[in-house]
């Protein structure tokens, strides 16, 4: 390795590659319902649905496991901590922080998904002037910054 | 003691009417009436939603059920709270972004079908009225307990107050009223629970009593005919009908066996006598009060399956409650709808700590309360039983006021949505039609409520949840997340799911359920009607793919994209 010195890397900076990097589908695709726009929307929807279903599964697992546990292991329903039955602790108090925690986590993640998607399709620094040199179908429309009826 | 409670109830009612009356000046257009012009901040809105949601079942019903049937009754409070988490996860933000007033509006707007709107409207009426009944019953037994008036007086009073209030004020007034009523309810159940817990002596462990005894000489009055058993023989004094014999204050030794008492019988037990167990609450109260399973409405058959039935109904039912969804349109945007819902989960969690504490105290220190087969007045009766004298009276007045606040707020919300569905979707009328529909809907509620006195509050509300979970829940969830839903699929799911669930519940109410699996499947039908409704909707939709609405892609994106983005993308004003 040392004898040959550091390996040289050739970076090809082709014009179309540069374009591809910036050429993510944007709001125009969503509006005009192009193939890219539809794919983009569907992937966003799937991400939101996945998050919701993950949190829902977690909540259902936590809740649904207690009756099964109590039915299979009778000791659980007769147990008590400092004189208070475990069932009272679980059903009366312990579930609520879990539910709140799942809800808090979901809100944070859902907000982040929205922010990331907004950044993807309508980055704040992408000005209408810069996007005008690309094909009109997939560029950010200039008219966005104007009132809709203008 | 009744004076303080009467004063407190009158105060709450008057305050509600006055705050509602303020709404008259503010409410000008149909939009104001229906959703308070969408200008409500999250914290206020969350308290209003909770105030509307915490009904007679939460305030009186859960504690009553737990006292009578065991800790499994707490599944209702867990489920009522988790229902909001499920609502947050699946529908809160998209529904707000969709921007419609009611579930029928959503159904018609998403799937473009007038027929579906009519079907959904009918279901709103069914669920709304079903949910209204326990509120009316709660008012009936509260006034019965406070004033000694007949059951119908409380029912009619609540009906008149709420109908007139809604007809005059609309929802703008109601938002403020509902918010106030959440905090009133929290105080009215929290303060008595904590004071009584402290008074009962916090050093004594809250152990369940497997063989309860009377700790002091107690006279038990049985308002209805009741069958009960004793685990040990006991010497008692009886007036009234017992075991087909009429007594007039004679001393009798009752054997350790089954007895049946007529309505109005009074039995005096001495100190150390065993507490009789009412057969109406058997079997769970006999042996395992601390069992985590539910047996209400199923005659005690297959408790684990019945418990899952309640879990499914309550977890998925909140999505389909018509009076709750309309509240989400009062949020300014989808993000605010999410924040509001999370605050609601927190507010509900705080509230539901206290029915459990009260039920525990009642079970430990007031065994006479769970003899009567109607245990829904436990929360009302407990303060004056545990704390004699003035402090007990004050707490009892507070509880009565909170209970009345619960009936007022929930039935207000229900009447707004029932009257809204009648006037907006069936009659296509304006504000005047809305006022008349409010009065009409209240009158129908009162009439039916007079017939359902014998059903437990928690059970009745649980059934309303089951119907909502097997009809509107699939419609909302699939409508929001599945673009291939068609109007025929949705209609078929609503009719089959809601119809099966309603039929099962009505057959249980009419006593046709019997025992065994039949009792479970008819008494807690959500366990099969919810999956059935989802399946029917999906299968029928897949067979009718030609009728998928053309604008579905855009509608889906508008529901799920943040407002700023969809405004840019679709130029929605």
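The values are calculated or read from the model by the stated rules, or taken from the named source; none is laboratory data. As the structure is a prediction and not an experimental result, all values here were calculated from the model. So basically every Cβ, Gly included, is an ideal-geometry build from the backbone, and we count neighbours across all protein chains shown.
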| message | Among the residues of the range B:445-459, what is the count of those that are part of a helix (DSSP H, G or I) and surrounded by fewer than 16 Cβ atoms within 10 Å (Cβ to Cβ)? | response | 2
| said: If I go through the range A:79-112 residue by residue, how many of them are at pLDDT below 90, assigned to a helix (DSSP H, G or I) and closer than 14 Å to residue B:72 by Cβ? | reply: 6
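Take the conditions without any contact (Cβ under 8 Å) to a residue 12 or more places away in the chain, in contact with a helix residue (DSSP H, G or I) (Cβ under 9 Å, 6 or more places away or on another chain), under 26 Å from residue B:135 (Cβ atoms) and part of a helix (DSSP H, G or I) and apply them to residue B:508. Does it pass?
no
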| request: Just give me the residues in the range A:83-105 being at the interface with chain B (Cβ under 7 Å from one of its Cβ atoms) and more than 24 Å from the chain's Cα centre (by Cα), in sequence order. | output: A:83, A:84, A:85, A:87, A:88, A:91, A:92, A:93, A:95, A:96
| request: Would you confirm whether any residue within the range B:396-412 is in contact with a helix residue (DSSP H, G or I) (Cβ under 9 Å, 6 or more places away or on another chain), surrounded by fewer than 24 Cβ atoms within 10 Å (Cβ to Cβ) and in a helix (DSSP H, G or I)? | output: yes
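Hey, could you check the range B:85-94 for residues that are at the interface with chain A (Cβ under 8 Å from one of its Cβ atoms) and touching a residue at least 24 places away in the same chain (Cβ under 8 Å) and say which is surrounded by the fewest Cβ atoms within 10 Å (Cβ to Cβ)? Break it down stepwise before answering.
Of all residues in the range B:85-94, those at the interface with chain A (Cβ under 8 Å from one of its Cβ atoms) come to B:85-86, B:88-90, B:93.
Going one step further and asking which of them are touching a residue at least 24 places away in the same chain (Cβ under 8 Å), we end up with B:85-86, B:88, B:90, B:93.
Values: B:85: 26, B:86: 27, B:88: 28, B:90: 22, B:93: 29.
By that ranking, first place goes to B:90.
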| query | Scanning for something outside any helix (DSSP H, G or I), modelled with pLDDT under 90, under 33 Å from the mean Cα position of the chain (by Cα) and more than 10 Å from every other protein chain (Cβ to nearest Cβ), does the range A:28-41 turn up at least one residue? | reply | yes
| remark: Note on residue A:45: of the conditions (1) facing another protein chain (nearest Cβ under 7 Å); (2) within 21 Å of the chain's Cα centre (by Cα); (3) within 23 Å of residue B:345 (Cβ to Cβ), unmet is (3)
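Given the options B:128, B:109, B:51, B:115, name the one that is in the same structural domain as residue B:527 (by TED's automatic domain parsing), farther than 30 Å from residue B:428 by Cβ and part of a helix (DSSP H, G or I).
Result of the check over B:128, B:109, B:51, B:115: B:51.
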| said: Need a quick list: helices (runs of 4 or more DSSP H) entirely within the range B:521-573 having at least 3 residues that are away from chain A (no Cβ under 13 Å) and either out of contact with any strand residue (DSSP E or B) (no Cβ under 6 Å at 6 or more places or on another chain) or closer than 30 Å to residue B:79 by Cβ (or both). | reply: B:526-543
